[in-house]
Each structure stands twice: as C-alpha cells, then as structure tokens.
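The values are calculated or read from the model by the stated rules, or taken from the named source; none is laboratory data. If you're wondering where the values come from, they're calculated on a predicted model, not measured in any experiment. Heads up, the Cβs are rebuilt from the backbone with ideal geometry, glycines too, and the neighbour counts pull from every protein chain shown.
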C-alpha cells in the first residue's frame, strides 16, 4: 500500500509575476513564451528542502502538458524556518493556458510532503 503525501502547512508559494515574452525563441508548435516569477516561503517550524515539482499546463485547445522533475531550475534549495527562495523560469504554449501544480518538499526527518502552486493563467495578448 502506497502512502499518501500530505500538504505541509506553513509553506507558502506565490506567483509573483507572469510576463508574455515574445522575444524568446520558441518551437513552431508552441509559439507563445511566458516568463514567471515564483517565491517559496517557509513559515513552518522545520527546515525543508525543495526536492521536485509537477506542473500541469491546461491549454484552451484541449492539450495538457505535465512537467515533472527533480529540483527547481536545477537546484534543491534548503529553507530554514523564516527563509524564502525566489526564482524565475519560462514556459511556451500554443494557446491561452491555465497552470497549476505542486512542489515536493522533504523535511529534515525524511518526511515527504507537497505544497501547492497557486493556479495562474498564461494569456496570449490580442495585439
């Protein structure tokens, strides 16, 4: 029987900014690039390490992309209580999209938890 991973209370994720960035190179089938800025804050009572992520990008055309991986932008940051980690990354889409997901978090005792990423939109400008 597989153990269910629970949410770790006290870890907060904020989507600080999302920008359409048309100057970035994109593949022909995903022509709309967006840069996003994220902050993870540890308000819990224990040190945590960000071990991985899972993004679910649901496009208006019915396509869904699931992006999973170890770490965050190649890092596995450790956050003491009261610390935060900010970073930026990008994603390309074919149409307007909605993004959600979570981070996999490990505490110092080896317990695994998740913390949700707030839902946000990638809205293609109508220029």
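Out of all the residues in segment 4-16, is one or more out of contact with any strand residue (DSSP E or B) (no Cβ under 6 Å at 6 or more places or on another chain), under 30 Å from residue 127 (Cα atoms) and at pLDDT 95 or above?
no
Could you list all residues from segment 60-95 that are closer than 24 Å to residue 29 by Cβ and over 15 Å from the mean Cα position of the chain (by Cα)?
60, 61, 62, 63, 64, 93, 94, 95
Which fully enclosed strands (runs of 3 or more DSSP E) of segment 57-117 have 3 or more residues being in contact with a strand residue (DSSP E or B) (Cβ under 6 Å, 6 or more places away or on another chain) and free of Cβ contacts under 8 Å to residues at least 40 places away in the same chain?
In segment 57-117, the matching strands (runs of 3 or more DSSP E) lie at 64-70.
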